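Presented below is the structure to which this report refers.
The values are calculated or read from the model by the stated rules, or taken from the named source; none is laboratory data. Source: prediction; values computed, not measured. In this analysis, Cβ positions are derived from the backbone assuming ideal geometry, glycine residues included, and neighbour counts consider all displayed protein chains. Note: accessible area is taken over every heavy atom of the protein model, side chains too, but ligands, DNA and RNA are not part of it. Shrake-Rupley method; radii C 1.70, N 1.55, O 1.52, S 1.80 Å.
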Amino acid sequence: MTETTKNTGEKLSVASTKTLTLKRGGVEQGVVRQSFSHGRSKAVVVEKVKRRGASPAEKADGGAPAAAKRLTPTAKPPASVEAAPAAAPQTGLKLGVVLRPLTQAEIDARASALDKAEQIEIQEREAAKQRAEALRLQREAEQKERAEAAARKVQEEQRHAREESTKKRADELAQKRLGAETVLVKQGARVNEAEEDVEAPRTRRGVGGVPARAPVQPKPQRVGGEKRRRQLTVVTALSVDEEREHSKAAFQRRTRRQAGQRETEPKEKITREVTIPETITIQELANRMAERAVDVVRLLMKQGHMANSTDTIDADTAQLIAEELGHTVRRVAEADIEEGMFDVADDPDKLQPRAPVVTIMGHVDHGKTSLLDAIRSTEVAAGEAGGITQHIGAYQVTSPSGGRITFIDTPGHAAFTAMRARGAKITDIVVLVVAADDGVMPQTVEAISHAKAAAVPIIVAINKIDKPDAKPERVRTELLQHEIQVESLGGEVLEVEVSAKEKRNLDKLLEAIALQAEILQLKANPNRAAEGTVIEARLDRGRGPVATVLVQRGTLKPGDIIVAGSEWGRVRALMSDSGHSVVAAGPSMPVEVLGFGGTPEAGDRLAVVNSEGRAREITAYRERQKREKLAARQTGMRGSLEQMMNQLKTAGAKEFPLVVKGDVQGSIEAIVGALEKLSTSEVAARVLYSGVGAITESDVTLAEAAGAAIIGFNVRAHKEAREAADRAGIEIRYYDIIYNLVDDVKQAMSGMLAPTLRETKLGDATILEIFKVSKVGNVAGCRVTDGVVERGANVRLIRDNVVVHQGKLSQLKRFKDDAREVVAGQECGMAFENYQDMKVGDTIECYRVETVQRTL
């Protein structure tokens, strides 16, 4: 430190070799040298602080610090302090300050302060533990990241090593191809470059022998900003002035690798509504979600389910997958596949008039076929050339008023009743043909029964009026016995006297049909997907499966995807009843359809679907239903009267349909009268058809359509009828005593009546104590006061004359043993099913419920 004076200019200096510091008194310092591994050492300064001398007050208290004495909670002062005044005159020693004893408030305050300090210390320890745990987790995460980074670095180094080895092998192969000449040329070039490098420092010298800085050569500009890539050839390899470059393939590989590593922008997730049936394949589920099947399989593997794209999963698993991928789910049952195919309501404004569909029925000997031929010849004579083919089951004619009428040929009524059994209202009007000379025959009555079952209007055509013995009035009178009252007798049923042989009054018959159709106001919507019914089907050798279809609604066109029963296909061609190809078929038009994959059954309903996938689903479902129905018939699950009654009760029906056949008319009248007397306000026997003779195939068809039972009294069924009944699962019962028949029907009808419930009181008990038993719950210790208590009986828990619970008695014990019943005056333990809220003093009422079957 130096300073210059103003007067003399002399410099004053103070020499100091040590650093000025302040030392604490009573501190001794020393230096200790520590030795470490690898020859390292370190000097450490050690300070020793001398202990401060105790104050006179502390010495008087035995050297204990005053602060420690203040923190000690005690209500009684020390004995040394109390004895101090008495000992002072004797010893003559100088006494210290005498502390007053602490009050109770101060002691409480200090205790609370200590408690607060302890709580704060506990909280700080907990906080320290949490911080230590968080620090430990952070360190573990950092250690994991460092390990992953090290693994990635190792992988990158391995990849670089592989690329270097690949590049080195490529160089070696190139050197082998170029030969020794190329190597010599490159070595000569390197030697020349080395000589130039040696001579250059000698020539480049600055002033005074200082080396001059070499001028910086400007880098050549690349064309287009990219290095030109060339393929390695002999010419490029021999060129000395050019550098060795990577090949074009290597450049392309690097570009693809960079493009693959480039992060793409995340696309917006599209949420779809996915329809999931009861079972679905993984590939189909992925297609409906517009997702990759690999992603769906990967998600299943994460859930522990190993599968591939062709496996089938249930609806619950499919719903979990779809919701996991962010889609909404709509569950459908297997039967919902056919939903929306048939009977969809049309807009009334879009309905247009359509041609009526007429079925001609009657006895085969009453001129039904002759009347059909006469109508067709009339149509041909009216102007249609070429005739009408007879191989088709339905055709159209023109009425005198100019309207079109569709006729369906249903010989034997099999197709008509089969269609009704399937719920299709194909026929609009029934023309009942009755011969004037024979009158009403048994098959005529059967035709009337079919028409009534289908609930369609009837037009009576009295044929063969040209015969001398024709009696039309006899026909009208006999029809009254079957509830058919014609207009001439004051009824509402139209009748026309015709002659198919002489073609008399055929125009009046067509006018009557047109008038009845006008009354019915038949309309349909042609501008929609087509619906119809298969009239008949066959397998043609040249054209394949051919189906005669009656279109009911909509318009059928070539190219439509159609489903009929368990068969589907695409319409290849449409043929009219005259054998010509048509472009489209509207409502009430019969056509032949070509394009089915198989032959459908007569009576199957036809519909147009929007895709082949849905067509396959519908046909597969119907095929399964057919197999299950066949298996049920083979195992006898349907057919008995008792099971049929159960089905009727389930459906809520109150009618018992029957088909009765007998040996004589008197027996039939007696049976029908006895069955009508069994009818009550809740259930009634409905005889669909009764007649004399053996049970025929048409009887079985009628019973199948109406779900009725067949009763034969002193008659048997034909072979064809038995086979048809076995196929349809219809039971045929035979009787020879009328009383047995009536008793069986009465018993079957009694099963339709709802049973009555009757309650019988068993006994009462009072709860004395409630015990808690493991695995059982609360058990009530009771004393039976009246009657008897049975295990499994119904009970009521009554509290303050109010029923608080009704249930069943699950356990009944007496002295830890199960008891079936406990009589009055004994004690027992009771446990209820699914109820534990029992209290002392409650009353338990035990009763039994009996089901009493009602009888007629």
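Structure summary
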read-out	value
Of all residues in the range 696-710 being open to solvent by less than 10 Å² (accessible area, probe 1.4 Å) and aliphatic (A, V, I, L, M), the one that is nearest to residue 654 (Cα to Cα)	708
Residue 326 being in a loop (DSSP other than H, G, I, E, B), more than 26 Å from residue 270 (Cβ to Cβ), open to solvent by 20 Å² or more (accessible area, probe 1.4 Å) and not hydrophobic (A, V, I, L, M, F, W, C)	no
Test for residue 511: is it at pLDDT 85 or above and within 19 Å of residue 365 (Cα to Cα)	no
Segments classed as strands (runs of 3 or more DSSP E), wholly inside the range 796-856, with at least 3 members that are closer than 30 Å to residue 752 by Cα	802-814, 843-852
Odd one out for residue 746 among (1) open to solvent by less than 90 Å² (accessible area, probe 1.4 Å); (2) assigned to a loop (DSSP other than H, G, I, E, B)	(2)
Among (1) open to solvent by less than 50 Å² (accessible area, probe 1.4 Å); (2) over 23 Å from residue 775 (Cα atoms); (3) among the β-branched types (Val, Ile, Thr) - the single one residue 851 does not satisfy	(1)
Sole residue being surrounded by 14 or more Cβ atoms within 10 Å (Cβ to Cβ) and within 30 Å of residue 743 (Cβ to Cβ), chosen from 812, 753	753
Residues located in the range 99-111, provided they are part of a helix (DSSP H, G or I) and surrounded by fewer than 10 Cβ atoms within 10 Å (Cβ to Cβ)	104, 105
Residue 681 being of a type in the set (Ser, Thr, Tyr), open to solvent by 30 Å² or more (accessible area, probe 1.4 Å) and more than 18 Å from residue 444 (Cα to Cα)	yes
Residue list for the range 750-795, filter: of a type in the set (A, V, I, L, M) and at pLDDT below 85	752, 753, 754, 757, 773, 776
In the range 452-470, residue nearest to residue 703 (Cα to Cα) [restricted to those that are open to solvent by 10 Å² or more (accessible area, probe 1.4 Å), in contact with a helix residue (DSSP H, G or I) (Cβ under 7 Å, 6 or more places away or on another chain) and among the aliphatic types (A, V, I, L, M)]	453
Selection within the range 649-680 - under 53 Å from the mean Cα position of the chain (by Cα), modelled with pLDDT under 80 and more than 17 Å from residue 855 (Cβ to Cβ)	650, 651, 652, 653
Members of the range 436-451 found to be open to solvent by 10 Å² or more (accessible area, probe 1.4 Å) and more than 53 Å from the chain's Cα centre (by Cα), listed by number	437, 438, 440, 441, 442
Pairs where the first residue, in the range 490-515, is surrounded by fewer than 21 Cβ atoms within 10 Å (Cβ to Cβ) and the second is in a strand (DSSP E or B) and among the acidic types (Asp, Glu), C-beta under 7 Å, 6+ apart	505/497
Matching residues in the range 355-387 - criterion: being open to solvent by 60 Å² or more (accessible area, probe 1.4 Å), aliphatic (A, V, I, L, M) and either more than 16 Å from residue 435 (Cβ to Cβ) or at pLDDT 80 or above (or both)	381, 382, 385
Residues that are assigned to a helix (DSSP H, G or I) and either surrounded by 15 or more Cβ atoms within 10 Å (Cβ to Cβ) or touching a helix residue (DSSP H, G or I) at 6+ places or on another chain (Cβ under 8 Å) (or both), drawn from the range 478-489	478, 479, 480, 488, 489
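Here's the yes/no breakdown for (1) modelled with pLDDT under 85; (2) over 14 Å from residue 317 (Cα atoms); (3) not in a loop (DSSP other than H, G, I, E, B):
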site: 244; (1), (2), (3): yes, yes, no
site: 263; (1), (2), (3): yes, yes, no
site: 271; (1), (2), (3): yes, yes, no
site: 275; (1), (2), (3): no, no, yes
site: 285; (1), (2), (3): no, no, yes
site: 294; (1), (2), (3): no, yes, yes
site: 297; (1), (2), (3): no, no, yes
site: 300; (1), (2), (3): no, no, yes
